[in-house]
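Heads up: the structure comes next, in structure tokens.
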């Protein structure tokens, strides 16, 4: 959506390795998504963003993988480079309308470290930036492969209604499309307070709530607590699922303490989303029987 708004050309060139690997798919997707989002953010209208994956030769059960994400945007000043992975870093850029890097690059660096990879950057002010990630991916044994379709109950999800509390238009659209694919109904609230009000007024409509953690007016933790504090019975039973760019243990504990039933990392992996929704809705139905 953001590429369309800014008329940015996005191209993705995948590697040609036809093998199964063992990797944390949620974190891998999150890493790539954050870098692509960052590239689009700092590329002026009409620019270009490219993601390229290159695989090396398999050796000792490992598949070398190099990921390049390039843009022809505003670039990064040399004095800012040592700080780009710090949370909420912001350079004094010429384009004052552009926001800082927020948590995006700091999370990318943490994920790369967790995956035991490396990340480098090449940049030139006024010409663009290229991030390069190297990972040695472990090959998967056939016995460890699972049928994702067995992870969730499609019939259970079909026709159910989800309240999506999310302020970012791109995340709203992505999540809605994923839920549309399994024939779920979606109502969107763009801040925590609206989510609480909507649920309080129409609690009978909803089978689950997807709650973003970072929203204006009222954040996800506050909204979850407010919903659990409502006097209507449905407020005690409705599954509330946290959605955040921070999928670390402290965040899981905070969301659980606020009364949430589960925790999803952004960008959301479709199979994980369906599995968690299916399990939470099933548990809720079993509890009310």
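Every number here is computed from the coordinates shown, using simple stated rules; none is lab data. Every value quoted in this text rests on a predicted model; they were computed, and no experiment measured them. A quick note on method: Cβ atoms are made from the backbone with ideal geometry, for glycine too, and the neighbour counts reach across all protein chains shown.
The mean sequence separation of alpha-carbon pairs under 8 Å and at least six residues apart, normalised by the residue count of the chain, gives a relative contact order of 16 percent.
One Cα centroid belongs to segment 230-276, the other to segment 162-183; the line between them spans 15 Å. Taking the chain as a Gaussian network, Cα atoms linked when under 10 Å apart, which of 233, 172, 193 shows the biggest mean-square fluctuation? Taking springs between Cα atoms under 10 Å, the residue moving most is 233. Taking every DSSP helix (H) stretch of at least 4 residues in the chain, weighting each as -39,500 (n - 2.57) and dividing the sum by the residue count yields a mean residue ellipticity at 222 nm of -10500 deg cm²/dmol. Below 8 Å between Cα atoms, with a sequence gap of 6+, how large is the relative contact order for segment 204-265 in percent? Reported as a whole number, the value is 37 percent.
When the chain is treated as a GNM with alpha-carbon contacts under 10 Å, the residue of 62, 181, 160 showing the greatest mean-square fluctuation is 181.
Plainly put, the chain has a radius of gyration that is 0.99 times its Kirkwood radius, both from alpha-carbon atoms, as the Rg/Rh ratio.
Springs between Cα atoms under 10 Å define the GNM used for the chain, and in it the highest mean-square fluctuation of 114, 135, 179 occurs at 114. Inter-label distance, residue 225 to residue 181: 3.6 nm, where each label sits 7 Å from its Cα along the C-beta direction. When both bridge partners sit in the chain, DSSP labels roughly 55% of those beta bridges antiparallel.
Note on residue 173/residue 7: beta-carbon distance plugged into 1/(1 + (r/R0)^6) with R0 of 22 Å gives a FRET efficiency of 0.80.
Taking label positions 7 Å along the Cα-Cβ direction at both residue 68 and residue 237, the computed distance is 5.7 nm, reported to one decimal. Put simply, the C-alpha atoms of segment 148-288 give a gyration tensor, and the ellipsoid matching it has half-axes of 20, 17, 15 Å, longest first. Once Rg and the Kirkwood radius are both taken over the C-alpha atoms of segment 2-144, their ratio Rg/Rh works out to 1.00.
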